[in-house]
Amino acid sequence: MPVSSTTRLSLTRRPRRLRRTEAIRSLVRETRLTPDCFIYPLFVVPGRGIRREIGSMPGVFHLSVDEAVKEAAAAKADGVPAVILFGLPDTKDLVGSAAADPDAPVQSAVRALKREVRDLLVITDVCMCEYTSHGHCGIVEGDEIVNDVTVEHLAQAALSHAVAGADIVAPSDMMDGRVAAIRKTLDERGFDQAAIMSYAAKYCSGFYGPFREAADSTPQFGDRRSHQMDPGNVEEALREVEIDLAEGADIVMVKPALPYLDVLAKVKERFGQPTAAYHVSGEYSMLKAAAERGWIDEPRVMMETLIGIKRAGADMIITYYARDAARLL
Ligand code: PBG
């Protein structure tokens, strides 16, 4: 057929009209990314002056408290309002004693950040896996992670974070009843203003691989299938969220993000509560690796990923890209 510019179809609807210019596209854009929805993870280690890149996570560092303060201040200056802290303690033991140690890296970092970075929102991850010698998320008897004893340890860890000044504690362990126990412990000690962000629907995921190097938390035997969720389940995710909300969670989280966007969308739709998504280490490292090979345009794919997570229903996104994305915005 000859090319002809005089052909005119009589169409009532021409959706392309609203894609003609950036001004029009922007006018009809349904989802917008803003830096105020980003939460930036930091890995805090003992010592001073330490800033050591994590091999499997280019651009992410192990930071001593002083360096964590610098990094958080820079993130805040970029427009990122919040950090979430993970800690690598000096010593690990069977019951993860360092998890509730007031002088461990996380608690020290919370105090320093609240003192030195104005208006920074400080969130702490609450779990045992970085603190136990076996790398499990709880207290182990035989080959079982014992739920109720673990919950008591988690509540003490969360309390130590609140005492240090954490605004929000974020239990990531997936034990039953931990939100209620943490709420009760915090309230009894006068921390009724400390909020709980629960990792409510946390899947047993291969995408946590690089994090386990970052947090030195690879289980020495077995895996996390007895507490983290089966990737095939979504009804169960809704039950988990319902339980955590009933126990007093202020914010619920779905994790990882991209492979579970359907879960995120359903959680937001069903409950209409403040909802977080965690764009996890493996999701980040995959993009980094592909970008290093020149296979993708990293800034573009980063933004597309983050807007996809927001469009699916996330009010806030935990992402290692927080600073990069905030700077681009
Ligand atoms: C601790 C915890 C994990 C992550 C956050 N908190 C790892 C795990 O459950 O094995 C993963 C975060 C990431 O991969 O970026 N339980």
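Rule-based calculations on the coordinates, nothing more; no lab input. Everything numeric here is computed off the predicted structure, so don't read it as measured data. A quick note on method: Cβ atoms are made from the backbone with ideal geometry, for glycine too, and the neighbour counts reach across all protein chains shown.
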What distance in nm separates the simple spin-label points at residue 115 and residue 93, each placed 7 Å from Cα in the Cβ direction?
2.7
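Out of the DSSP beta bridges found with both residues in the stretch 31-328, what percent are antiparallel (nearest 5)?
Restricted to the stretch 31-328, the bridges split so that about 15 percent are antiparallel.
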Filter the cross-link list 202/288; 76/184; 114/288; 255/310; 92/288 down to pairs whose alpha-carbon distance in this structure exceeds 20 Å.
202/288; 76/184; 114/288; 92/288
Give the Rg/Rh ratio for the chain, taking Rg as the radius of gyration of the Cα atoms and Rh as the Kirkwood radius, to two decimals.
1.03
Mind checking the angle between helix 261-271 and the chain's longest principal axis? C-alpha axes, 0 to 90 degrees, to the nearest 10.
80
So, relative contact order of the stretch 31-328 in percent, Cα under 8 Å, 6 or more apart, is 19
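Per residue, how big is the convex hull of the stretch 172-329 when only Cα atoms are used? Give it in Å³.
Looking at the stretch 172-329, the number lands at 138 Å³ per residue.
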Please determine, in degrees from 0 to 90 and to the nearest 10, the orientation of helix 178-188 with respect to the longest principal axis defined by the Cα atoms of the chain, where the helix direction is its Cα long axis.
60
Per-peptide average of other Cβ atoms within 10 Å, ordering 102-108, 15-21 highest first
102-108, 15-21
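Whole-Å semi-axes of the stretch 241-329's equivalent ellipsoid, largest first, each the root of 5 times a Cα gyration tensor eigenvalue?
After scaling each eigenvalue by five and taking roots: 27, 12, 11 Å.
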Computed on Cα atoms only, the convex hull of the stretch 1-141 has an orientation-averaged projected area in nm² of 16.5
If 285, 26 are placed from fewest to most neighbouring beta carbons inside 10 Å, the sequence is 26, 285
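Taking Cα pairs under 8 Å and at least six residues apart, what relative contact order does the stretch 23-66 come out at, in percent?
Numbers: 41 pairs, mean separation 14.7, N = 44.
In percent, rounded to a whole number, it is 33.
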Residue order, fewest to most beta carbons within 10 Å, for 204, 137:
204, 137
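If we count other beta carbons within 10 Å of each Cβ, what is the order of 279, 134, fewest first?
134, 279
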Quick calc: nm separation of the 7 Å Cα→Cβ label points for residue 29 and residue 328 -> 1.2
